[in-house]
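The values are calculated or read from the model by the stated rules, or taken from the named source; none is laboratory data. This structure is a prediction, so every number in the text was calculated from the model and none was measured. A quick note on method: Cβ atoms are made from the backbone with ideal geometry, for glycine too, and the neighbour counts reach across all protein chains shown. Note: areas computed on protein heavy atoms with side chains; ligands, DNA, RNA excluded. Shrake-Rupley method; radii C 1.70, N 1.55, O 1.52, S 1.80 Å.
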Amino acid sequence: MASSETFKILYFAAAISYSKCDGETLPAPLPLSQLYEMLEKKYPGITEKVLRGSMVTINLDYVDLEEEAERVIKPGDEVAIIPPVSAG
Amino acid sequence: NVHVCLTHAPLNLSTTVDLVRSPKAGAIVLFAGTTRDSFDSIPVTTLSYTTYTPLALRTLHTIAQEIKEKHGLVGIAITHRLGDVGIGEESIHIALSSPHRKSAWAAGEEALEEVKKKAEIWKREVFEDGSVWRSNRDGERGVRVED
């Protein structure tokens, strides 16, 4: 698959327990509304245990999955799963 | 005069303070967060920090800039350490300088709360029998790390 047809997804903290990796490339374009469903197929249980309580960023900006239901993840985008933070 | 930094190296108190020292300041406040030897009475071996570097830097800078403007500070520096931070060692420094002490105290407290609420940095508490991803939000029990 050509690299221009994928997006990057980065996993942090508890998300890594499910993905078993820090990041990977996935096929693009992908409607944002299908992201969680796609991740659940790959990593059963991740939605309930991690995604429900996490935020999502695309290219370093937080996205609201409900408000931006129409959004499409494009080739070259960088998506990140942001579980509850714990600095300090 | 806004400094934010992520580093794997041990933090140095005078280095942090020197970043905000200024002839315009009458007060410097420094907060250092350290690794405590227990959580909920369970012995902690170490804390380990990871981050989403570009996003954490942006968030830390925004927090620092806003706190500086709101409290009329002269300088502000936030440094967070990454990787393993042993018992008694510092994971975070927040230093700020101000013409007067009242705003320095207030700004220091507010800056720490904002960092703990927003910065894209994660703490893993390592116990003898495993480890847990801690969440600052709600004082949650934490998510056990599965192998």
Bounding extents of chain A in its principal axis frame from Cα atoms, largest first in Å, are 37, 28, 26
The aspartates and glutamates whose Cα lies under 13 Å from the Cα of B:LYS116, excluding any fewer than 8 residues away in the same chain, are B:ASP138
Taking only Cα atoms of chain B, radius of gyration then Dmax in Å:
15.8, 53
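Mind checking the mean number of beta-carbon atoms from other chains within 10 Å of the Cβ atoms in A:52-60? Before the final figure, lay out the partial values.
Numbers: counts 0, 5, 0, 1, 0, 3, 0, 2, 7.
Partner-chain Cβ atoms within 10 Å, mean over residues of A:52-60: 2.
May I ask you to list the trypsin sites (Lys or Arg not before Pro) in chain A that are in a DSSP loop and have at most 14 other Cβ atoms within 10 Å of their Cβ? Walk me through the intermediate numbers first.
Details: sites: A:LYS8, A:LYS20, A:LYS41, A:LYS42, A:LYS49, A:ARG52, A:ARG71; in loops: A:LYS20, A:ARG71.
The qualifying sites are A:LYS20.
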Chain B: most fluctuating residue of B:SER98, B:SER14, B:SER135 per GNM, C-alpha cutoff 10 Å:
B:SER14
Going residue by residue through the stretch B:61-77, the Karplus relation 6.51 cos²θ - 1.76 cosθ + 1.60 with θ = phi - 60° gives ³J(HN,Hα) values, rounded to whole Hz and with x marking Gly or Pro, of 5, 4, 4, 4, 4, 5, 5, 4, 5, 4, 9, x, 6, 8, x, 8, 9
Using the alpha-carbon atoms, what tilt in degrees (0 to 90, nearest 10) does helix B:101-118 show relative to the longest principal axis of chain B?
40
Candidates A:GLU67, A:GLU48, A:GLU24: whichever shows maximal mean-square fluctuation once chain A is modelled as a Gaussian network with Cα springs under 10 Å:
A:GLU67
List the trypsin sites (Lys or Arg not before Pro) within the stretch B:12-64 that fall in a DSSP loop (any state other than H, G, I, E or B) and whose Cβ has at most 12 other Cβ atoms within 10 Å.
B:LYS24, B:ARG36
Could you list which residues have their amide H under 5 Å from that of B:HIS3, counting only those 5 or more apart in sequence or on another chain, with H placed in the peptide plane?
B:ILE76, B:ALA77, B:ILE78
Between the alpha-carbon centers of the stretch A:10-88 and the stretch B:111-129, tell me the distance in whole angstrom.
20
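Over the stretch B:12-69, average the accessible area per residue using a 1.4 Å probe and give it in Å², no decimals. Each step should come with its number before you reach the end.
Numbers: 3160 Å² over 58 residues.
Value for the stretch B:12-69: 54 Å² per residue.
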Roughly how many Å² is the accessible area per residue of chain A, as a whole number, for a 1.4 Å probe?
50
Enter the buried accessible area of the B/A pair, total of both sides, probe 1.4 Å, in Å² rounded to the nearest 100.
2000
Can you compute the radius of gyration and Dmax for the stretch B:76-147, using only the Cα atoms, both in Å?
15.1, 51
